Amino acid sequence: MSLFKSIWYAAVAVSFTNAHSTHEQIAISCQHPAYQSHIVSTSPLVIYLDGFLTPDEQTHLQTITKDTFSRSAVADQAGAQGQRQTRTSQSTSVVRDDIVRCVEERALLFQGFDTPRTYLEPLQLVKYGRGEHYHFHTDWFTNAMHASSAVGGNRQSSFFAYVSAENITGGGTNFPMVKPPHDTRWCSFIDCDEPWENGVTFRPVVGNAVFWSNLLDDGTGDERTLHAGLPVTSGSKIGMNIWTRQGPLSEDIRGKE
């Protein structure tokens, strides 16, 4: 990912905050928060988004997914989905309504005008209690079965947003192959007590999000986007995954608008 493209992403974010929008002629009016974007790394591209979710959106997401969580699944090398000790969280898909559509719209606008809504997977919430974690993994798929054109290709990009964090210690999101920034202002978002050689660990700060590009320019997966949901040592957190594919998803996968 070139520096020019990295700066372009950040410029797009600034341009579309605090603005009404009707992307793809969806008949809703969204008032987006004036979130701030901070480039953590240009290669791989990782951008921190301060204030990406409003308090009302955080509450709404928790309300509409109440009592719908189940043990998270993960695919093995053969592509089979199942419960693994590498991922002990609970997860749920988010039913689309106008508020959810506005969150989707915000994610699309951050990525520019050329990403259709049909490229977005259904939003997913993940809940972590004490001791729960997700071991090191990439969001892009290594198994071609999960990255074919029939299912929209691979995951081009990811957002991970923090929806809730109650009395939490631990539970950061660690990117071991991303070089940590130096300025002490980052310590509001990043665990500055983490050893330098451990990479970047984002604190679970409610309302904020991390965006990263999963694929290299040739479409192959970027190994440097390896990351983990570190164990929660006390309290709990809820995060949200927003994944954008390389191509369109069918209604069977994405659901009705």
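Scanning for something open to solvent by 60 Å² or more (accessible area, probe 1.4 Å) and within 20 Å of Gln156 (Cα to Cα), does segment 230-249 turn up at least one residue? Yes, there is a match, as at least one residue in segment 230-249 is open to solvent by 60 Å² or more (accessible area, probe 1.4 Å) and within 20 Å of Gln156 (Cα to Cα). Here Pro195 meets the list (1) crowded, with 19+ Cβ neighbours inside 10 Å; (2) at pLDDT below 95 almost entirely, failing just condition (1). If you go through segment 135-154 and keep only what is open to solvent by less than 60 Å² (accessible area, probe 1.4 Å) and in contact with a His (Cβ under 9 Å, 6 or more places away or on another chain), you end up with His137, Thr138, Asp139, Asn154. Say we look at segment 202-257 and pick out the residues that are of a type in the set (Val, Ile, Thr) and assigned to a loop (DSSP other than H, G, I, E, B); which of these is nearest to Thr68 (Cα to Cα)? Among residues in segment 202-257 that are of a type in the set (Val, Ile, Thr) and assigned to a loop (DSSP other than H, G, I, E, B), the one nearest to Thr68 (Cα to Cα) is Val206.
For residues that are among the hydroxyl-bearing types (Ser, Thr, Tyr) and open to solvent by less than 40 Å² (accessible area, probe 1.4 Å), scanning just segment 162-176, find the one that is nearest to His135 (Cα to Cα).
Going through the qualifying residues, I end up with Thr173.
Only one entry of Lys179, Lys256 meets the criterion of being modelled with pLDDT of 95 or more and of a type in the set (Lys, Arg), and that entry is Lys179.
Any residue in segment 149-163 that's aliphatic (A, V, I, L, M): show its pairings with residues that are outside any loop (DSSP other than H, G, I, E, B) and surrounded by fewer than 21 Cβ atoms within 10 Å (Cβ to Cβ) at Cβ separation under 8 Å, as long as the two are six or more apart or on different chains. Close Cβ pairs (under 8 Å, with a partner that is outside any loop (DSSP other than H, G, I, E, B) and surrounded by fewer than 21 Cβ atoms within 10 Å (Cβ to Cβ)) amount to Val151/Ile253; Val163/Gln58; Val163/Gln62.
The residues in segment 128-159 that are at negative phi and assigned to a loop (DSSP other than H, G, I, E, B) can be counted, and the count is 12. Pairing each residue of segment 218-234 that is more than 14 Å from Phe141 (Cβ to Cβ) and of a type in the set (Lys, Arg) with any residue that is modelled with pLDDT of 95 or more and not in a loop (DSSP other than H, G, I, E, B), provided the two are 6+ apart or on different chains, yields C-beta distances under 9 Å for Arg224/Ser41; Arg224/Phe175.
The values are calculated or read from the model by the stated rules, or taken from the named source; none is laboratory data. None of these values were measured; they are calculated from a predicted model. Ideal geometry is used to build each Cβ from the backbone, glycine not excepted, and the neighbour counts take in all protein chains shown. Each accessible area value is taken on the protein alone, full model and side chains, heavy atoms only, with ligands, DNA and RNA left out. Shrake-Rupley method; radii C 1.70, N 1.55, O 1.52, S 1.80 Å.
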